[in-house]
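The values are calculated or read from the model by the stated rules, or taken from the named source; none is laboratory data. This structure is a prediction, so every number in the text was calculated from the model and none was measured. All Cβ positions, glycine included, derive from the backbone under ideal geometry; neighbour counts span all protein chains shown.
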Amino acid sequence: MSGDKTSDKILGVDRLTMRFGGIVAVQDLSFAAERKKITALIGPNGAGKTTVFNCITGFYKPSGGTIRLAHDDGRVIALERLNDFRIAKQAKVARTFQNIRLFPGMTALENLMVAQHNALMRASGFTLLGLVGAPVYRDAEKHAIDLATDWLRRVNLLDRADDAAGNLAYGDQRRLEIARAMCTEPALLCLDEPAAGLNARESAALSELLLSIRNELGTSILLIEHDMSVVMEISDHIVVMDHGVKIAQGTPREVRDDPKVIAAYLGTDEDEAAAVMEGGT
Amino acid sequence: MTAPSINTAKPATGIPALLKTAFINAAIALVLFSLMIGIRTEAGSDGQLTYWTRFGELASLVAAVFGGSIVIELLRQWIGPTGTEKLVPPAVQSGLSFVGRYLAPALLIFTLLVPVIFYNQRYILDLAILVLTYVMLGWGLNVVVGLAGLLDLGYVAFYAVGAYSYGLLATNFGWSFWICLPLAGILAAFWGVLLGFPVLRLRGDYLAIVTLAFGEIIRLVIINWQSLTGGPNGVSGIPRPTFFGIPLDNSDDGLAAKLGIEYSSTHRIVFLFYVILALALLTNWVTIRLRRLPIGRAWEALREDEVACRALGINTTTTKLTAFATGAMFGGFAGAFFATRQGFISPESFTFQESALVLAIVVLGGMGSQLGVALAALAMIGGFELFRGLETYRMLVFGMAMVLIMIWRPRGLIGHRAPTVYLTKAQAISSDLVKEGHG
Amino acid sequence: MDYFAQQFINGLVLGSIYGLIAIGYTMVYGIVGMINFAHGDVFMIGGFIALITFLILVSLGLTAIPVILLVVLLVSMAITALYGWTIERIAYRPLRHSFRLAPMLSAIGMSFVLTNYSQVAQGARVKPIPPFITGGYTLHESTDGFVIQLSNIQIMVVITTIVLLAIFTWLVSRTRLGRDMRACEQDQTMAALLGVDVDRTISMTFVIGAALAAVAGLMYLLYYGLVDFFMGFVAGIKAFTAAVLGGIGSLPGAMLGGLAIGLIETFWSAYFSVEYKDVAAFSILIVVLIFMPTGLLGRPEVEKV
């Protein structure tokens, strides 16, 4: 197991349980994500990964357990007590969605500007300063455009800045959504199947992007992914779930060789089992 | 649900098929109209119900349906399937946007000159004031419906709050228009927040029906709270606006006397015209400005995808509330203006039909487009005026027009969206991509 | 207590009428997801057609009340159903896959058309009919002379409602048409792929809703003894409130909601103030939507992320 030093944890999930009526989607799940590392959450379909994500990002209120986020400055935030937009605003957890949720009728640039809403709201004096065109706001807006431009460059969409997000190709939309999440300047970036629907070349580019986010910006990443080539290549730590419980965790190598993981995948879906075993080799 | 509908309309080919369709339509019309048109009932003076037949009218209506179906069917074959009209060639679109760029300034200059050109035509000046009132209401509602994607069917409530605020403050305390105007806006915005706070988490149609109910509640309270509002008799004797304290009348203190010119009642009309024009332009300026601020972008983002907004840390409740309050405030201003212009207000002016009319203006204009809303207000109110002579048929025609316009252009006159910020070039965004909001 | 019992009976009858209209809202909302704003006016048209048919039959010299009632019921149901069908065909079908606001505005426009059509065709004055079904039973007579009355017309309204509700529940749960309707409610594309004629099913939904509204119109005419061109608007909003209160999409819910609104309105008028009875109904709509957006019998909507 890599990294037992508790001080390095950014996210600690402890005995998380989520019930929907009588169905237990996640039971007593505990795991940690390390600072400036990429942690992957994998498992067969219906294992409860997205439910965990929705608990962490405030879309569901957990039935039990705790989720702690430790910021660089030592603040520890109980995510299970925050809800809705406050997770993103106060705890600085950003996320993307399995089925891309961009603002399709707004341009790529506008999408990234919306992501900087809270910072810009403060700078615009909650609209009043902005309405009269105060220089404070104009500077802030210029800074926001610079940040957005920087991210468009990073995800290789600078030439599409003024195109409607809905007009971008699928792979471009995926990258734009990641850029949008990064524009909120998050402490933890949560990605829900970022490689879904991408071809091999796009997957490779995605891996590169995620590694650069980790290495250059030091942002911690938590991702759910089915594409094992991506998971095995970039993850520092992998947590495997099945039927709502954790069945294994460790480095990519440890997980790949774990008989329980292979059984879980074989027991449900042969293609995925094959993917697990082939992945990363 | 975005998949285009499978074209089930079988294009009738040849004369026999054409006649067959027309015959079926005429037969349906015959059944529909048989009792409602063919028989006319009326209560006699003794309360006894009598009836007489109108078979002539029935026959001519059925014949009209028969002829109409043939014409429509022929037109349909001439133009081709209706589904293709969406594909407007890029050249035409850029041409339209070229026209659009110069249309707005041209319209503005023309509007500024209206009192000069039509100085002696009182009717046209009155109509222009009416159109501008609806332009302002349309722009106000556009913030709520067009930008934030919140469906509000009770907008007239805020118009009423503004009108009664000024009417009651002026008649009871003698406060001047210019003090009451901001107060009317603030009060309307306050009511907007009061209503908005509990209901804004509702989605789509539910929000629509709740706002409709709210509009009706306000109207019913105005009717029934006679001690305050005068009930169905309304509030009369509302003071006319002054030129910042100087009355526009025939007295020795009047503006005409002070300027040493001859008094004319047209002065007041012209003054009112410029007041409503200024108010409308203020609405427009603030809206355009707000769109480029984070709050305005958040409104549009909310219309596009509320869940994504929450994931980006945007407080969707306060964002919706600000949109609702902003729209309500403009409605309140317009209401105060309406009260001072009419000098008399009664609950009859604030029915659901008014809300529907303003909403129709916003949707016909193309949601979110300021120019489109102005054009739609001109077309709707102007068209409405044309039918003034046919009092009872007016709403009938208006209803039919609403149905036909929706079928003809569900996205409104100006469907594309202009981006609020750009790096190299602002490109219009096709309406097919722009969402309509869910809440 | 006697006063209460009498108001309870009155509320039940009013509620039955609201419930019949509410079914039309709930079925259409369930299947095409739109508020059929014109439905209240379809109810009004149903009332007018019943009135005119009644007038003709009486002037033809017919005196057998059951025969008259049956003919009036069938004629008004048939013609009003055709109105429902035509409205869907003209105003809603071309917009089925359009932008969400378009059908709603089209429906509002259609509502204006129907209201003013009937004003133009039949005049603005209220149309009364003489009391037609008279008599009733005295259930209880208290010592201070207060009488609880149950009139024949009240019995008829409630029984007709129950019978029709039974028929339509059977139609929706046991027949091919009902199965098609439920399939279209779930997923129109999939239903079409599986051979369901979606257009026809939606048309039938409007036809059934309009036929029930016609029954409500007839009941209203008999119970209150009058119709006018503007009665559709307020009745429509209240019936929609009933549909929401009961849980939109649910047939028993619509009936239950209708009864609840009828009772609330009657008691409010009886104990508080008649002037504010509509305010009470609308306030209840707002309160219900805020605290119980899925209504009494509706299914909770799970937000999918």
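Values computed for the structure shown
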item: Meets criteria (in contact with a strand residue (DSSP E or B) (Cβ under 8 Å, 6 or more places away or on another chain) and at pLDDT 90 or above) for residue C:209; result: no
item: Residues (assigned to a loop (DSSP other than H, G, I, E, B) and over 30 Å from residue B:304 (Cα atoms)) located in the stretch A:70-85; result: A:71, A:72, A:73, A:74, A:75
item: Conditions (1) of a type in the set (Val, Ile, Thr); (2) over 30 Å from residue B:236 (Cβ atoms); (3) more than 8 Å from every other protein chain (Cβ to nearest Cβ): number failed by residue B:351; result: (2)
item: Which listed residue, of C:133, C:108, is more than 7 Å from chain B (Cβ to nearest Cβ) and either out of contact with any Lys or Arg (no Cβ under 7 Å at 6 or more places or on another chain) or not hydrophobic (A, V, I, L, M, F, W, C) (or both); result: C:133
item: Hits in the stretch B:39-62 - residues which are in contact (Cβ under 8 Å) with a residue 12 or more places away in the chain, at the interface with another protein chain (Cβ under 9 Å from one of its Cβ atoms) and in contact with a Leu (Cβ under 9 Å, 6 or more places away or on another chain); result: B:39, B:51
item: Residue in the stretch A:59-68 that is nearest to residue B:431 (Cα to Cα), counting only those that are crowded, with 16+ Cβ neighbours inside 10 Å and either charged (D, E, K, R) or within 11 Å of chain B (Cβ to nearest Cβ) (or both); result: A:59
item: Residue satisfying condition, being more than 22 Å from the chain's Cα centre (by Cα) and either without any contact (Cβ under 8 Å) to a residue 40 or more places away in the chain or within 14 Å of chain B (Cβ to nearest Cβ) (or both), within set C:115, C:175; result: C:175
item: Count of the stretch B:11-38 residues which are part of a loop (DSSP other than H, G, I, E, B) and either β-branched (Val, Ile, Thr) or modelled with pLDDT under 50 (or both); result: 3
item: From B:374, B:278, residue being out of contact with any Lys or Arg (no Cβ under 9 Å at 6 or more places or on another chain), closer than 30 Å to residue A:165 by Cα and outside any strand (DSSP E or B); result: B:374
item: Among (1) under 18 Å from the mean Cα position of the chain (by Cα); (2) crowded, with 18+ Cβ neighbours inside 10 Å; (3) at the interface with chain B (Cβ under 8 Å from one of its Cβ atoms) - the single one residue A:107 does not satisfy; result: (1)
item: Count of residues meeting criterion [within 22 Å of residue A:198 (Cα to Cα) and in contact (Cβ under 8 Å) with a residue 40 or more places away in the chain] in the stretch A:91-106; result: 10
item: Test result for residue C:148, in contact with a strand residue (DSSP E or B) (Cβ under 7 Å, 6 or more places away or on another chain) and either buried (at least 17 other Cβ atoms within 10 Å of the Cβ) or among the charged types (D, E, K, R) (or both); result: yes
item: Any hit, the stretch B:382-403, residues being in contact (Cβ under 8 Å) with a residue 40 or more places away in the chain, under 19 Å from residue C:102 (Cα atoms) and more than 8 Å from chain C (Cβ to nearest Cβ); result: no
item: Failed item, numbered, when residue A:197 is tested on (1) touching a residue at least 40 places away in the same chain (Cβ under 8 Å); (2) part of a loop (DSSP other than H, G, I, E, B); result: (1)
item: Any hit, the stretch C:52-63, residues being at the interface with chain B (Cβ under 8 Å from one of its Cβ atoms) and of a type in the set (S, T, N, Q); result: yes
item: Selection status of residue B:316, surrounded by 22 or more Cβ atoms within 10 Å (Cβ to Cβ), within 30 Å of the chain's Cα centre (by Cα) and either hydrophobic (A, V, I, L, M, F, W, C) or under 21 Å from residue B:150 (Cα atoms) (or both); result: no
item: Total residues in the stretch C:266-292, condition more than 9 Å from chain B (Cβ to nearest Cβ) and either among the charged types (D, E, K, R) or farther than 23 Å from residue B:206 by Cα (or both); result: 9
item: Among residues of the stretch A:55-66, those that are out of contact with any Leu (no Cβ under 7 Å at 6 or more places or on another chain), of a type outside the set (Val, Ile, Thr) and assigned to a strand (DSSP E or B), counted; result: 1
item: Exclusive hit being in a loop (DSSP other than H, G, I, E, B), away from chain C (no Cβ under 12 Å) and either charged (D, E, K, R) or touching a residue at least 24 places away in the same chain (Cβ under 8 Å) (or both), set B:424, B:340, B:420; result: B:420
item: Residue within the stretch A:112-125 that is under 19 Å from the mean Cα position of the chain (by Cα), more than 9 Å from chain B (Cβ to nearest Cβ) and not charged (D, E, K, R) present; result: yes
item: Residue C:217 at pLDDT 90 or above and farther than 25 Å from residue B:206 by Cβ; result: yes
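Let's see how each residue does on (1) more than 22 Å from residue A:178 (Cβ to Cβ); (2) assigned to a loop (DSSP other than H, G, I, E, B):
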| site | (1), (2) |
| --- | --- |
| A:33 | no, no |
| A:68 | yes, no |
| A:87 | no, no |
| A:105 | no, yes |
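Okay, residues lined up against (1) on the phi < 0 side of the Ramachandran plot; (2) surrounded by fewer than 22 Cβ atoms within 10 Å (Cβ to Cβ); (3) acidic (Asp, Glu):
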residue: A:12; (1), (2), (3): yes, yes, no
residue: A:27; (1), (2), (3): yes, yes, no
residue: A:45; (1), (2), (3): yes, yes, no
residue: A:53; (1), (2), (3): yes, no, no
residue: A:70; (1), (2), (3): yes, yes, no
residue: A:73; (1), (2), (3): yes, yes, yes
residue: A:81; (1), (2), (3): yes, yes, no
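Residues are listed down the side, and each one gets a yes or a no for (1) assigned to a helix (DSSP H, G or I); (2) surrounded by fewer than 24 Cβ atoms within 10 Å (Cβ to Cβ); (3) in contact (Cβ under 8 Å) with a residue 24 or more places away in the chain; (4) among the polar types (S, T, N, Q):
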position: C:18; (1), (2), (3), (4): yes, no, yes, no
position: C:25; (1), (2), (3), (4): yes, no, yes, no
position: C:36; (1), (2), (3), (4): no, no, yes, yes
position: C:40; (1), (2), (3), (4): yes, no, yes, no
position: C:43; (1), (2), (3), (4): yes, no, yes, no
position: C:49; (1), (2), (3), (4): yes, no, yes, no
position: C:57; (1), (2), (3), (4): yes, yes, no, no
position: C:61; (1), (2), (3), (4): no, yes, no, no
position: C:86; (1), (2), (3), (4): yes, yes, no, yes
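Residue by residue, here is whether (1) within 27 Å of residue B:286 (Cβ to Cβ); (2) out of contact with any Ser or Thr (no Cβ under 7 Å at 6 or more places or on another chain); (3) facing chain B (nearest Cβ under 8 Å) holds:
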{"residue": "A:89", "(1), (2), (3)": "yes, yes, yes"}
{"residue": "A:93", "(1), (2), (3)": "no, no, no"}
{"residue": "A:128", "(1), (2), (3)": "yes, yes, no"}
{"residue": "A:131", "(1), (2), (3)": "yes, yes, yes"}
{"residue": "A:134", "(1), (2), (3)": "yes, yes, no"}
{"residue": "A:144", "(1), (2), (3)": "yes, yes, no"}
{"residue": "A:148", "(1), (2), (3)": "yes, yes, no"}
{"residue": "A:156", "(1), (2), (3)": "no, yes, no"}
